[in-house]
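Chemist: Please find one structure pasted underneath; my questions will follow.
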Amino acid sequence: MTIQQAINALALDYSNRLRAAIDARTEEMLADDVSHYLIYRVLGISKFEGQQIDSYQNKGRFLYKYAGSFLEQATKKCFEHAFPDSGSLRIPNTRGQKPKTFEIDCLVGNDALEIKWKDATTDGDHITKEHTRIQVIADAGYTPIRVMFYYPNRQQAMRIQQTLETLYQGVGGHYYYGDTAWAYVQKRTGIDLKAILEQIANERVPNED
C-alpha cells in the first residue's frame, strides 16, 4: 500500500466514524430536555435558532476532535513510512508527580515530535505543563520539536503560542507552524502531505472558494 492509499484509507475511516458519532448524537438530542430555551428566548434567540445552535455546537465538538486526531495520525503515518523505526513513546516525568509520564507523539531518532493540528488554548496552566514536558524530553536526551499546522487567530491564544515557541528554543528545540509545519514534514519524509490531503478533499468536497 502506498502512503497515498494509506492516508486515503485513514481519511475514509475517520469520516465514517465522524458521521456515525454525529448521527448518534443527533438521535440522542431528540430526547433532550429543552426547557433552557426559555433563557434563549429571553436573550432574543428563537426556538429554531436555539435548536440549530445546540445542534452545531455538538457537531462542532465531534468535528474538531476527529479533524485533529486524523491530521495527527496522517502525519505520523508519513514519518513511520519514511522512518520505520519511529513511533510513539512514553517517558517518565522526572520533574514532578503529575502526570506520571509524558507521551512523545513520534520519536524519530533523537527528535521528539509533538504533532498538533492546531492549538487555540488560552489557559496559562497549559504553558506550565508544556514547559515541564519539553524539559523532561530534553532531560531524556531528545530534541523537542513542535509541529502545528494551524495557528490560532485570537490574540491571547497567539501570545501563548509565542511563549511556547520561546520555551522550545530555550531547550534547543524547534517550533514549526503553518506553512513551515507542512514544509518540515515534506523535507523530513519526502512526502507532500498537504498535496495528498488537498487531492482527497477535492475528490470528496469540491472547493467552493
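Chemist: What does the charge add up to near PRO152, with Lys and Arg as +1, Asp and Glu as -1, over the other residues with Cβ less than 15 Å from its Cβ?
Modeler: Local net charge: +1.
Chemist: Let me test this: with uniform point scatterers at the alpha carbons of the stretch 1-90, what is the Debye-based log₁₀ I(q)/I(0) at q = 0.19, 0.24 1/Å?
Modeler: For the stretch 1-90, the Cα-only Debye profile gives -0.89, -1.15.
Chemist: Here's a follow-up. Quick one: compute a quarter of the convex hull surface over the Cα atoms of the chain and quote it in nm².
Modeler: 15.0 nm²
Chemist: In addition: Taking the Cα centre of the stretch 3-80 as origin, sum charge times position over the Cβ atoms of Lys and Arg (+1) and Asp and Glu (-1), and report the length of that vector in debye to the nearest 20.
Modeler: 200 debye
Chemist: Please compute the Kirkwood hydrodynamic radius of the stretch 149-197 from all pairs of different C-alpha atoms, in Å with one decimal.
Modeler: Kirkwood radius, the stretch 149-197: 12.0 Å.
Chemist: Give me the number: length gained by fully extending ASP125 to GLU27, i.e. 0.36 nm times residue separation minus the C-alpha to C-alpha distance, one decimal in nm.
Modeler: 31.7 nm
Chemist: A further question on this structure: Please give the Cα centre distance for the stretch 147-183 versus the stretch 87-117, rounded to the nearest Å.
Modeler: 17 Å
Chemist: Taking R0 as 22 Å, what FRET efficiency do you get between ALA67 and GLU103 from their Cβ-Cβ distance, rounded to the nearest 0.05?
Modeler: 0.65
Chemist: Using a basic spin-label model with each label point 7 Å from the Cα along Cα→Cβ, how many nm lie between ARG41 and MET1?
Modeler: Using points 7 Å along Cα→Cβ, the separation is 5.3 nm.
Chemist: Can you tell me the mean projection area, over all orientations, of the convex hull of the stretch 85-177's alpha carbons? Units nm², please.
Modeler: Spelled out: convex hull of the Cα atoms, projected over all directions, averaged, 5.6 nm².
Chemist: Follow-up. Once label points are set 7 Å from the Cα along Cα→Cβ at both ALA183 and ILE53, what is their separation, rounded to one decimal in nm?
Modeler: In this crude label model, ALA183 to ILE53 measures out at 4.2 nm.
Chemist: Taking only Cα atoms, what is the 0 to 90° angle, nearest 10, from helix 124-139's long axis to the longest principal axis of the chain?
Modeler: That works out to roughly 30 degrees.
Chemist: What are the semi-axes of the equivalent ellipsoid of the stretch 41-114, taken as the square roots of 5 times the eigenvalues of the Cα gyration tensor, listed largest first and rounded to whole Å?
Modeler: Those come to 41, 19, 7 Å.
Chemist: Please report, in whole Å³, the volume per residue of the convex hull around the C-alpha atoms of the stretch 1-46.
Modeler: With only Cα atoms used, the stretch 1-46 gives 89 Å³ per residue.
Just so you know, all these numbers are worked out from the coordinates, no wet-lab data involved. Keep in mind that this is a model prediction, so the values were computed, not measured. In this analysis, Cβ positions are derived from the backbone assuming ideal geometry, glycine residues included, and neighbour counts consider all displayed protein chains.
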